[in-house]
Amino acid sequence: MRYRLAAATLAIAAIFSISPSANAQMGAGRRVRVDNYRVERDVRPDRTRVVGRAVNVSGRRLRDVRVRFRVFDSRGRQIGWASDGIADMRAGQSWRFRAAAGGNVSRARLASADGR
């Protein structure tokens with residue numbers, strides 16, 4: 001019974017393209033945290049963005065902060081990448097990113113988030 005419930009929950013999540021970012025995710029360097037990102041479709045065809053919020057949790061100023069996402073179509077195939085960057089980020093500062101992605105994107109997965 002538990003297996004069926006878990007399988008049903010996963011199936012529903014796949015149908016509604018729930019982002020894997022229900023909880024905050026940390027970049028590999030643990031300097032930037034990405035909160036609740038989502039795929040946002042534009043009114044023009046094949047123009048989508050991954051939007052969300054990144055926070056500098058390093059305790060110091062960061063330069064060249066970049067978030068990068070793998071983007072997938074409705075069948076789960078990776079169709080490209082989306083990325084955005086900011087030149088300078090103070091300690092504790094949050095930044096609302098808008099990473100442009102081409103194609104008919106259904107979901108995204110955080111690949112990296114870091115600065116130096």
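What to note about this one:
- Of the residues SER94, SER106, SER83, the one with the fewest other Cβ atoms within 10 Å heads the list, and the complete ranking is SER94, SER83, SER106.
- Label-to-label distance, nm, for residues given as ASN36 and ARG63 (7 Å Cα→Cβ offset): 3.4 nm
Readers should treat all values here as calculations from the given coordinates under stated rules, not as data from a laboratory. Since this is a predicted model, take the numbers as computed values, not measurements. Because the Cβ atoms are built from the backbone with ideal geometry, glycine has one as well, and the counts that use them run over all protein chains shown.
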